[in-house]
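S.K.: Structure provided below as structure tokens; questions to follow.
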Amino acid sequence: MKNQKKRGVLLALYLTVCLVIIVSAYFRLSKIAQSFNTQHLELITGLYAEKMNEEMDYLQNFVEEDVKMIQAMEDKNPDKIQKSLEKNLNQTMFCNIGFIMKNGEVYGSKCAVSDIKKKNLDNLALTARTSFNSDPYQSSETGNMIITVFVPVADFSQIHMLYVSVMIEQIRQLGVYELLQGKISVHLLKADSENFITCISSDNSSTAGDWNNLLLQQKYFEYNEGYSYKQWISDMRSGKKEGQFAAKIRGEDSTISYRSISSMPGWYVVVELTNKNISNITQHFSVWGGIYGSILVGFTILYMLTILIWERKDKKRYIGLSSTDALTGVLNRRAFRADVEHELRKKEPGIFLFIDVDNFKSYNDTYGHSNGDLCLKYFAQTMQECFPKDSILGRYGGDEFVAYLKNVKPETVYACMESFQKKIAHFTLSTGEVVELSASAGGVIFPEQGEDFVSLCKNADAVLYDIKQNGKATFKMK
């Protein structure tokens, strides 16, 4: 009897210890999982903000190319200029294009002109001397939400400002990643009016593309102690660039992260993650822990290693999305500069190249923007084939590319550029037509001809400018 009691007590004690371990492990692992998702929420918010900025930059570049086109046109008739702009418009991306005369007359589709006047954007454009973006507004033609970019037309006697519009739906597509689908909600929020547009919804509580007011939604919010709606709005209106807090939304524990959009002053990307979407791996651990208590620690270690592996993989994925040029796959300007500056700190010699596609505007006008994009992709791919494997390659913007070659002599660079020119000389379009391509490039040596990124970039650009003024289609060192 005594032995049975002892065994019963030991068994009860053992089960109690196992239960305590399982419960403790469950809450601990839940906290780790929540922390894991919270950290990635910050990365996701930054990704959306950067993607929004890149999209606005792309729109600016597109309009600036059209500005150059109309400046080069011999016939200055407004109606012919409008027809030419509409002909070159990428209908899959943009919905409206037109311009505002210096006398205030607005050219474009009937609905676009009506919307611009209704929103008083024509008067705003007439007083503006620099590029600007409109707030999102509803198109009277399609009913969709759109954003319009305005760019001034310099050195033109009649036209003051060129504009192009893009649907919010197109921008929304930036965020449709399978990894995140159905797990987060993404909104564009204007701090001064507290109005927001839903870009992505994790459930059916709101419809993508719809306007709403944040204040009216507060009946669904329950903030944690020490924070409030007033504090949130105050932080954004005071210019705070980013922030994060926890709250219950529609009864669900959630984490909200926000970040400002530099190309749209006063606007924020707001990303909401509901905690119910946090991995349920910890629940599986608690069940198996009750059956196999002896291997609970092993599962815990396995889970933590899995978390670390996922985190590293996802971080690489997010960093990759924000550091590469979406069209060509080489580094974007920001990432290229960061990599080159890191290399310059080693104080080892190198050569900086500024490369430009010759006559790209004429190429675009002749074969269309889709073939223009194909040309840029081919250009970047050929750079990767012809330059040394450890070279740093990037797209500086538009049809301009940059490269930094490590520990090479000028003779090697000349040989690489000769091979590069030969490979791009004959380019086959998707239609099977073969066209001629060429490039102009200027190079400078580090550290003799530039001790930092800015001076290298400036000096290489000066060499490139000299080449383009004297025949193009060649490469020269400073």
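No value in this document is a laboratory result; all are computed from the given coordinates. Bear in mind the structure is a predicted one, so any value in this text is a computation, not a measurement. Heads up, the Cβs are rebuilt from the backbone with ideal geometry, glycines too, and the neighbour counts pull from every protein chain shown.
S.K.: Could you give me the radius of gyration and the Dmax of segment 76-171, taking only the C-alpha atoms into account and expressing both in angstrom?
M.R.: 12.5, 36
S.K.: Rank-order 73-82, 323-332 by packing density, defined as the average count of other C-beta atoms within 10 Å over each peptide's residues, highest first.
M.R.: Details: 73-82: 12.1, 323-332: 18.2.
Highest to lowest by the protection proxy: 323-332, 73-82.
S.K.: Also, quick follow-up: For segment 376-384, what does the Karplus curve 6.51 cos²θ - 1.76 cosθ + 1.60, with θ = phi - 60°, yield as ³J(HN,Hα) per residue in whole Hz, taken in order and with x for Gly and Pro?
M.R.: Once θ is set to phi - 60°, the couplings for segment 376-384 become 5, 4, 5, 4, 5, 4, 5, 4, 5 Hz.
S.K.: Moving on to the next point. Hey, got the dipole for segment 76-171? About the Cα centre, +1 on K and R Cβ, -1 on D and E Cβ, debye to the nearest 20?
M.R.: Charge dipole, segment 76-171, about its Cα centre: 240 debye, nearest 20.
S.K.: Arrange the peptides 59-70, 337-348 so that the one whose residues have, on average, the most other Cβ atoms within 10 Å appears first.
M.R.: 59-70, 337-348
S.K.: Same structure again: Counting every Cα pair in segment 333-477, what percent are over 18 Å apart? Please list the in-between numbers first.
M.R.: On the way: 5613 of 10440 pairs.
Roughly 54 percent, once rounded to a whole number.
S.K.: DSSP loop GluC sites (Glu not before Pro) in segment 349-437 with at most 13 other Cβ atoms within 10 Å of their Cβ, which ones?
M.R.: Answer by residue number: GLU433.
S.K.: OK, next. Provide the per-residue ³J(HN,Hα) series for segment 62-75, in order, calculated from phi with Karplus coefficients 6.51, -1.76, 1.60 and θ = phi - 60°, each as a whole number of Hz, with x at glycine and proline positions.
M.R.: Per residue, the Karplus-derived 3J(HN,Hα) values read 4, 5, 4, 5, 5, 4, 4, 5, 6, 5, 8, 5, 7, 7 Hz.
S.K.: Follow-up question, since we're still on this one. Sequence-distant or interchain residues sharing an amide H contact under 5 Å with VAL153, placed H: which?
M.R.: HN-HN under 5 Å from VAL153: MET161, LEU162.
S.K.: Which entries in the list LYS51/LYS119; LYS346/LYS468; LYS347/LYS423; LYS346/LYS472; LYS83/LYS241 go over 31 Å, if you measure between the two C-alpha atoms of each? Walk me through the numbers before you get to the answer.
M.R.: Values: LYS51/LYS119 26 Å; LYS346/LYS468 33 Å; LYS347/LYS423 33 Å; LYS346/LYS472 34 Å; LYS83/LYS241 42 Å.
Listed pairs above 31 Å: LYS346/LYS468; LYS347/LYS423; LYS346/LYS472; LYS83/LYS241.
S.K.: According to a simple spin-label model (label point 7 Å from Cα along Cα-to-Cβ), what is the distance in nm between VAL20 and GLU74?
M.R.: Using points 7 Å along Cα→Cβ, the separation is 9.3 nm.
S.K.: From the phi of every residue in segment 98-113, what ³J(HN,Hα) in whole Hz does the Karplus formula 6.51 cos²θ - 1.76 cosθ + 1.60 yield, where θ is phi - 60° and glycine or proline is x?
M.R.: Working through the residues one at a time gives x, 8, 10, 6, 5, 8, x, 6, 10, 10, x, 5, 4, 5, 4, 4 Hz.
S.K.: Setting aside same-chain residues fewer than 8 positions from LYS87, which aspartates and glutamates have a Cα under 15 Å from its Cα?
M.R.: Qualifying aspartates and glutamates at Cα under 15 Å: GLU65, ASP66, ASP79, ASP365.
S.K.: Further question: Net charge within 15 Å of MET69 by Cβ-Cβ distance, Lys/Arg positive one each and Asp/Glu negative one each, not counting MET69 itself?
M.R.: Net local charge, MET69 excluded: -3.
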